[in-house]
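Since the structure comes first, as structure tokens, the remarks are kept for the end.
The values are calculated or read from the model by the stated rules, or taken from the named source; none is laboratory data. None of these values were measured; they are calculated from a predicted model. Backbone-built Cβ (ideal geometry, glycine too); neighbour counts: all protein chains shown. When the accessible area is computed, the model is the full protein with side chains, heavy atoms only, and any ligands, DNA or RNA have been set aside. Shrake-Rupley method; radii C 1.70, N 1.55, O 1.52, S 1.80 Å.
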Amino acid sequence: MGKSLYIIDGHAHIYAAFYAPMRPLTSPAGEPTKATYVFTSAVLGLIERVKPDMLVVAFDSKTPSFRAEIYPDYKAHRPPMPDEMPVQINRIEEILAAMNIPAIRLDGFEADDIMGTLARKASAAGIDTYICSKDKDMLQLLDKHIFTYDMKTGQVTSRDSMLAEMKLSPEQFLDVLALQGDTADNVPGVPDVGPKTALDWIQKYSSLENLYAHADEIKGKRGESLRSSKEKAVLSRELVTIDCSAPIELDHEAFKLTEPDAQKLAEIFGELGFGRLMSRLGLKHAESTE
């Protein structure tokens with residue numbers, strides 16, 4: 001069996017953990033810990049289930065990405081991070097460090113670009129790579145060695161399963177994303193065109209270029225919108241295209257899954273009151289409570 005690399009979309013999973021349908025959690029000192037606890041539990045579950053050879057977590061840059069230079073309104077309308085989030089992100093990074101799992105950020109790049117670059121490099125080396133993300137943008141990366149993996153359900157999506165389900169290749173799906181846009185990221189897309197229409201058009205016309213070559217065939221309001229929004233569609237494709245040339249190397253040794261620093265991890269879990277996680281890992285600490 002060949003080597004495997006799992007790449008976790010850090011911020012996406014932390015936000016999902018923060019909004020998970022369960023009661024708020026706090027440490028003995030009153031520090032919010034729900035996102036920290038849920039995220040850490042998910043990472044431990046992943047390790048136990050799939051036993052990856054290599055594991056990394058990708059984070060968004062703290063500085064604007066290059067996409068904001070292309071389109072200043074990109075992600076401009078996102079609400080500010082909840083007040084209880086930053087301290088938990090810091091704690092998660094401490095826990096990852098104690099677990100010897102690299103947490104990667106690159107100024108000017110999003111987590112998507114880090115995941116895409118590492119996945120492409122690993123695929124070129126024949127390493128099966130599983131991108132742990134529910135973001136449909138990741139589907140553009142699928143190839144014979146790149147898959148998406150749902151950490152909650154264990155569902156794996158491959159290039160072949162995508163072709164069977166959507167009747168589209170990953171490259172074609174990029175054009176679907178361009179047409180439908182993304183309100184969360186403020187990617188304009190074509191007005192009045194949703195995911196179903198975008199999918200139908202690319203299934204029929206194969207590409208954005210060929211769709212515009214036959215734009216007169218599209219009737220009604222959507223046809224008018226398509227014809228008047230070509231620049232928006234082309235811009236949107238640029239914004240949703242994952243940059244797979246970020247300045248980062250595939251470091252086999254650094255990414256290799258190893259034993260955690262038990263003493264450091266027990267210290268952090270003890271501070272946070274993560275008694276169950278300490279028991280799960282066989283850690284001991286006099287102050288551990290939960």
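So which residues in the range 151-200 are modelled with pLDDT of 95 or more, touching a Phe, Trp or Tyr at 6+ places or on another chain (Cβ under 7 Å) and assigned to a loop (DSSP other than H, G, I, E, B), if there are any at all?
Ser158
Here are Leu96, Leu106: which of them is in a helix (DSSP H, G or I) and among the hydrophobic types (A, V, I, L, M, F, W, C)? Walk me through it before giving the result.
Numbers: Leu106 fails: in a helix (DSSP H, G or I).
After ruling out the rest, the residue left standing is Leu96.
Residues checked against (1) in contact (Cβ under 8 Å) with a residue 24 or more places away in the chain; (2) open to solvent by 60 Å² or more (accessible area, probe 1.4 Å):
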site	(1), (2)
Ala164	no, yes
Ser169	no, no
Asp216	no, yes
Lys221	yes, yes
Ser229	yes, no
Val240	yes, no
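Would you mention how many residues in the range 14-37 are within 15 Å of Glu93 (Cα to Cα) and open to solvent by 40 Å² or more (accessible area, probe 1.4 Å)?
Qualifying residue count for the region: 1.
Do the conditions hold for Ser133, that is, is it free of Cβ contacts under 8 Å to residues at least 40 places away in the same chain, open to solvent by less than 50 Å² (accessible area, probe 1.4 Å) and hydroxyl-bearing (Ser, Thr, Tyr)?
Values: free of Cβ contacts under 8 Å to residues at least 40 places away in the same chain: no; open to solvent by less than 50 Å² (accessible area, probe 1.4 Å): yes; hydroxyl-bearing (Ser, Thr, Tyr): yes.
No, not satisfied.
So, in the range 171-214, of the ones that are more than 26 Å from His77 (Cα to Cα) and hydroxyl-bearing (Ser, Thr, Tyr), which residue ends up surrounded by the most Cβ atoms within 10 Å (Cβ to Cβ)?
Taking the candidates together, the pick is Tyr205.
Specify the residue that is farthest from Leu118 (Cα to Cα); the eligible residues are those in the range 252-263 that are touching a strand residue (DSSP E or B) at 6+ places or on another chain (Cβ under 9 Å) and open to solvent by less than 100 Å² (accessible area, probe 1.4 Å).
In this case the residue turns out to be Leu257.
In this structure, does Gly126 turn out to be at pLDDT below 95 and either open to solvent by 10 Å² or more (accessible area, probe 1.4 Å) or β-branched (Val, Ile, Thr) (or both)?
Values: at pLDDT below 95: no; either open to solvent by 10 Å² or more (accessible area, probe 1.4 Å) or β-branched (Val, Ile, Thr) (or both): yes.
No: the conditions fail for Gly126.
Out of all the residues in the range 28-62, which are in contact (Cβ under 8 Å) with a residue 60 or more places away in the chain and farther than 20 Å from Ala97 by Cα?
Scanning the range 28-62 gives Pro28, Ala29, Arg49, Val50.
Report, by residue number, each residue of the range 109-149 that is farther than 10 Å from Asp60 by Cα, under 9 Å from the mean Cα position of the chain (by Cα), outside any loop (DSSP other than H, G, I, E, B) and among the acidic types (Asp, Glu).
Asp137
Kindly provide the set of residues from the range 83-123 that are in contact (Cβ under 8 Å) with a residue 60 or more places away in the chain, over 14 Å from Leu55 (Cα atoms) and open to solvent by 30 Å² or more (accessible area, probe 1.4 Å), ordered by number.
Glu84, Arg91, Glu94, Leu106, Phe109, Arg120, Lys121
Could you say which residue among Ile14, Ile8 is in a strand (DSSP E or B), under 15 Å from the mean Cα position of the chain (by Cα) and not hydroxyl-bearing (Ser, Thr, Tyr)?
Ile8
What is the one condition in (1) aliphatic (A, V, I, L, M); (2) within 17 Å of His13 (Cβ to Cβ); (3) assigned to a helix (DSSP H, G or I) that Ile101 does not satisfy?
Ile101 satisfies every listed condition except (3).
Do we find that Glu290 is open to solvent by 60 Å² or more (accessible area, probe 1.4 Å) and at pLDDT 95 or above in this structure? Before you say what the answer is, go through the steps one by one.
Numbers: open to solvent by 60 Å² or more (accessible area, probe 1.4 Å): yes; at pLDDT 95 or above: no.
Here the answer is no, as Glu290 does not meet what is asked.
Here is a yes/no grid of residues against (1) within 22 Å of Ala17 (Cβ to Cβ); (2) in contact with a Pro (Cβ under 8 Å, 6 or more places away or on another chain):
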site	(1), (2)
Met138	yes, no
Leu142	no, yes
Ile146	no, no
Lys152	yes, no
Gln155	yes, no
Ser161	no, no
Met166	no, no
Pro170	no, no
Leu174	no, no
